[in-house]
Amino acid sequence: MTAHAKIDKAFPTILLPTLGDKEIMLGRPPQGQWQMLVIYRGLHCPICKKYLSQLNEMKADFDKMNVQIVAASTDPREKAQEFASNLGLDFEVAYDLDIEQARALGLYISTSLDSAETDWPFAEPGLFFLRPDGGLHFAEVSSAPFCRPDLEMIKMGIGVIQEKNYPPRGLG
């Protein structure tokens, strides 16, 4: 994977529809905010449900840190709506991320193991943290559903970044 999101560089801008009947520009946080983009595998993934439920419980903490949370998947609207409704998600949920867009982010792509998953290729998990200027501060990309960053550790790290102006790492 050579062409993908790079640390301390402008994040690829991707316009996606949201369940709020508007569009969101990934990589362009609202004025003065940070953006945490969480890519999830889709409705078929029980680990995604657990992970995003935990994130939803932490939303007030991230709000206090001026962090906009956005979850996105390759699912179509109907599946994204079912996913968000079942979990009662209280943050932006985008859908219809296409495979080329996912590849531009450096995400791994999988195909279904059986009909219980889905019938199209989908992106494996990723977490991207963007500065207010749209630069990528840190990222975690996984090739499997059970390899995800600990959200308490992410929250602590964001606090350090904001309080101490901690620079992006992994540039060299």
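Using a Gaussian network model of the chain in which every pair of alpha carbons under 10 angstrom is joined by a spring, one finds that among 111, 13, 74 the greatest mean-square fluctuation is at 111. Between residue 133 and residue 111, what FRET efficiency comes out of the Förster formula 1/(1 + (r/R0)^6) with R0 = 22 Å and r the beta carbon distance, rounded to 0.05? E(calc), rounded to 0.05, equals 0.05.
Placing a label point 7 Å from the Cα of residue 98 along the Cα-to-Cβ line, the residues of the stretch 14-45 whose backbone N sits under 14 Å from it are 14-17. The residues neighbouring residue 59, those whose beta-carbon lies less than 15 Å from its own, together hold a net charge of -4 under the Lys/Arg +1, Asp/Glu -1 convention. Shape class of the chain from the Cα gyration tensor (axes a ≥ b ≥ c, square roots of the eigenvalues): prolate, since a/c reaches 1.5 or more and a/b is larger than b/c. The count of lysine pairs in the chain that are at least 8 places apart or cross chains, and whose C-alpha atoms lie under 18 Å apart, stands at 10. Using just its DSSP H runs of length 4 or more, each adding -39500 (n - 2.57), the chain gives a mean residue ellipticity at 222 nm of -8500 deg cm²/dmol after division by all residues. Among residues other than residue 10 with Cβ under 15 Å from its Cβ, the summed charge is +2 (Lys and Arg +1, Asp and Glu -1). Computed from the Cβ-Cβ distance with R0 of 22 Å, the FRET efficiency linking residue 23 to residue 156 stands at 0.10. The region of the chain that goes longest without hitting one of the trypsin sites (Lys or Arg not before Pro) in a DSSP loop, each with at most 16 other Cβ atoms within 10 Å, is 23-168.
Within the listed set 98, 150, 90, the Gaussian network model of the chain (springs between alpha-carbon atoms below 10 Å) gives the highest mean-square fluctuation for 150.
The numbers here are math on the coordinates, done by the rules we state, and not lab data. Note that the structure is predicted; figures quoted are calculated from it, not measured. Please note: Cβ atoms are built from the backbone with ideal geometry, for glycine as well, and neighbour counts cover all protein chains shown.
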